[in-house]
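Written below as structure tokens is the structure these notes are about.
The values are calculated or read from the model by the stated rules, or taken from the named source; none is laboratory data. All figures in this text were calculated on a predicted structure; none of them were measured in a lab. As a convention, Cβ positions derive from the backbone with ideal geometry for all residues, glycine included, and neighbour counts pool all protein chains shown.
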Amino acid sequence: MIRVGMISAAHVHAPSYAHALGGRTDATWAGLYDEDEGRAEAFAARWGGTVFPDVDSLLASSDAIVVCSPNMQHADHIGQAARAGKPILCEKPLAPNRQHAQEIADVLKSTGVLLMTAFPCPFSPAFQQLQARIGRGEIGKVLAVNATNRGRCPFGWFVEPHLSGGGAMVDHAVHVADLLRRLLGEDPTRVFAQTGHNMYGKPWEDTAHLNLAFDSGVFATLDSSWSRPQNYRIWGDVTLKVTGEKGVIEIDLFDQGLSVLTDGYHHRGTGSNLDRLMMDEFLAAVRESRQPAVTAHDGLMASRVAIAGYESLVSGAYAAV
């Protein structure tokens with residue numbers, strides 16, 4: 001039985017990971033540490049488990065760790081868990097800047113600890129079918145990809161750059177950056193980005209658009225904005241329109257469900273629970289002492305796309321990934 005502990009419940013996805021551990025016979029929810037004691041108590045009241053007074057006591061009572069802290073704390077929390085020899089599932093983006101990316105790479109190299117990046121999208125059956133169809137050459141050589149990852153603004157620490165490391169771009173660009181690497185079999189080499197403050201008029205960017213260039217000649221565009229109003233019919237989207245020499249394939253990973261109209265609009269999702277599939281893979285990798293399907297390298301490479309986007313803003317030109 002794998003005891004899973006959580007460092008911080010700050011991230012909006014933290015409840016989903018606790019839920020994904022429910023009812024399992026191979027793993028159990030140990031509890032969490034959170035610097036916000038009130039948040040920790042409220043989380044434990046809903047999901048159970050022990051509230052630990054510090055990270056060390058949580059690590060001592062856990063076999064594996066989920067990191068759901070704000071982005072700027074990832075490097076420290078990954079370091080603590082890695083030096084304790086605990087396998088880690090960490091929320092994205094792994095690193096909001098190059099210094100933190102290097103710190104994470106260094107501690108993983110020195111400890112050899114398993115780290116999985118919390119990217120659920122590769123487990124989507126729709127994305128896997130897209131990969132298979134492209135692999136079979138159904139649309140010929142891929143020429144370009146038009147992608148989106150738009151959603152509602154989560155507010156809270158997400159709009160506090162000293163905790164988040166940025167705004168919509170660092171939050172949303174990494175998911176699709178990872179999917180593009182998997183789809184195309186290569187890393188982007190250059191990024192050009194533009195951001196805006198068009199939705200809320202605050203210092204942090206709520207809209208972001210990136211152009212990604214690949215050495216093969218393929219290019220991709222990515223809208224990674226918090227551009228959906230709070231009452232939008234679904235939380236957000238991840239879409240890919242892949243243009244090839246012989247055709248086009250379009251997918252939407254999350255707009256699956258029922259539209260329920262009563263006293264208001266309600267969306268009832270159907271289809272696969274991607275967070276549960278991701279948790280399945282993490283626990284299997286821990287049990288089998290192997291690399292997961294989504295690695296630390298995947299997370300760091302995706303982070304570098306967002307980081308290059310911010311560097312592009314400063315230079316006004318393409319930035320190297």
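Could you run through the range 278-321 and say how many residues are over 23 Å from Ala75 (Cα atoms) and part of a helix (DSSP H, G or I)?
Taking the range 278-321 and keeping what is over 23 Å from Ala75 (Cα atoms), we get 280, 284, 287-288, 312-319.
Add one more test, that the residue is part of a helix (DSSP H, G or I), and what stays is 280, 284, 287-288, 312-315.
Looking only at that region, the number is 8.
Which one of these is of a type outside the set (Val, Ile, Thr) and either at pLDDT below 95 or within 17 Å of Leu253 (Cβ to Cβ) (or both): Ala168, Ala105, Ala101, Ala173? Give the steps one after another, and end with the answer.
Numbers: Ala168 fails: either at pLDDT below 95 or within 17 Å of Leu253 (Cβ to Cβ) (or both); Ala105 fails: either at pLDDT below 95 or within 17 Å of Leu253 (Cβ to Cβ) (or both); Ala101 fails: either at pLDDT below 95 or within 17 Å of Leu253 (Cβ to Cβ) (or both).
That would be Ala173, the only listed residue that is of a type outside the set (Val, Ile, Thr) and either at pLDDT below 95 or within 17 Å of Leu253 (Cβ to Cβ) (or both).
Working only within the range 268-305, note down all residues that are of a type in the set (Val, Ile, Thr), modelled with pLDDT of 95 or more and over 14 Å from Glu91 (Cβ atoms).
The initial filter retains those residues of the range 268-305 that are of a type in the set (Val, Ile, Thr), namely 270, 286, 294-295, 305.
From what is left, the residues that are modelled with pLDDT of 95 or more are 286, 294-295, 305.
If the condition is that a residue be of a type in the set (Val, Ile, Thr), modelled with pLDDT of 95 or more and over 14 Å from Glu91 (Cβ atoms), then Val286, Thr295, Val305 are the ones that fit.
Tell me, yes or no, whether the range 151-163 has at least one residue that is touching a Phe, Trp or Tyr at 6+ places or on another chain (Cβ under 6 Å), surrounded by 15 or more Cβ atoms within 10 Å (Cβ to Cβ) and assigned to a loop (DSSP other than H, G, I, E, B).
Within the range 151-163 (the criterion being touching a Phe, Trp or Tyr at 6+ places or on another chain (Cβ under 6 Å), surrounded by 15 or more Cβ atoms within 10 Å (Cβ to Cβ) and assigned to a loop (DSSP other than H, G, I, E, B)), the answer is yes, since at least one residue qualifies.
Taking the stated definitions as given, is Gly48 farther than 18 Å from Thr111 by Cα and at pLDDT below 95?
Numbers: farther than 18 Å from Thr111 by Cα: yes; at pLDDT below 95: yes.
Considered against the rule, which asks whether it is farther than 18 Å from Thr111 by Cα and at pLDDT below 95, Gly48 comes out as yes.
Within the range 58-81, restricting attention to residues that are farther than 16 Å from Gly299 by Cα and among the hydrophobic types (A, V, I, L, M, F, W, C), which residue is surrounded by the fewest Cβ atoms within 10 Å (Cβ to Cβ)?
Ranking the qualifying residues of the range 58-81, first place goes to Ala60.
In the range 31-72, what residues are among the charged types (D, E, K, R) and over 23 Å from the mean Cα position of the chain (by Cα)?
Glu37, Glu41, Arg46, Asp54, Asp56
List the strands (runs of 3 or more DSSP E) that sit entirely inside the range 1-70 and contain at least 3 residues that are of a type in the set (S, T, N, Q), touching a Pro at 6+ places or on another chain (Cβ under 9 Å) and assigned by TED's automatic domain parsing to the domain that holds His162.
Values: elements: 2-7, 27-33, 64-67.
Where strands (runs of 3 or more DSSP E) fall fully within the range 1-70, none carries at least 3 residues being of a type in the set (S, T, N, Q), touching a Pro at 6+ places or on another chain (Cβ under 9 Å) and assigned by TED's automatic domain parsing to the domain that holds His162.
Among the listed residues Ala177, Ala147, identify the single one that is assigned by TED's automatic domain parsing to the domain that holds Phe214, outside any helix (DSSP H, G or I), over 20 Å from Asp76 (Cα atoms) and under 16 Å from the mean Cα position of the chain (by Cα). Step through it out loud before you land on a result.
Values: Ala177 fails: outside any helix (DSSP H, G or I).
Just one listed residue meets the conditions, Ala147.
Residue-wise test of (1) closer than 16 Å to Trp157 by Cβ; (2) crowded, with 19+ Cβ neighbours inside 10 Å; (3) among the polar types (S, T, N, Q); (4) without any contact (Cβ under 8 Å) to a residue 60 or more places away in the chain.
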| site | (1), (2), (3), (4) |
| --- | --- |
| Asp56 | no, no, no, yes |
| Leu108 | no, yes, no, no |
| Thr111 | no, no, yes, yes |
| Leu114 | no, yes, no, no |
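Can you name every residue in the range 185-212 that is of a type in the set (A, V, I, L, M, F, W, C), within 22 Å of Ala95 (Cβ to Cβ) and surrounded by fewer than 21 Cβ atoms within 10 Å (Cβ to Cβ)?
Phe192, Trp204
Output yes when any residue across the range 124-136 is among the charged types (D, E, K, R), more than 19 Å from the chain's Cα centre (by Cα) and assigned by TED's automatic domain parsing to the domain that holds Val174, and no when none is.
Kept after step one, since they are among the charged types (D, E, K, R), are these residues of the range 124-136: 133, 136.
Those left that are additionally more than 19 Å from the chain's Cα centre (by Cα): 133, 136.
Checking the rest, the ones that are also assigned by TED's automatic domain parsing to the domain that holds Val174 come to 133, 136.
Yes: the range 124-136 contains one or more residues that are among the charged types (D, E, K, R), more than 19 Å from the chain's Cα centre (by Cα) and assigned by TED's automatic domain parsing to the domain that holds Val174.
Hey, Ala220 hits all of (1) modelled with pLDDT of 95 or more; (2) over 23 Å from Thr117 (Cβ atoms) but one; which does it fall short on?
(2)
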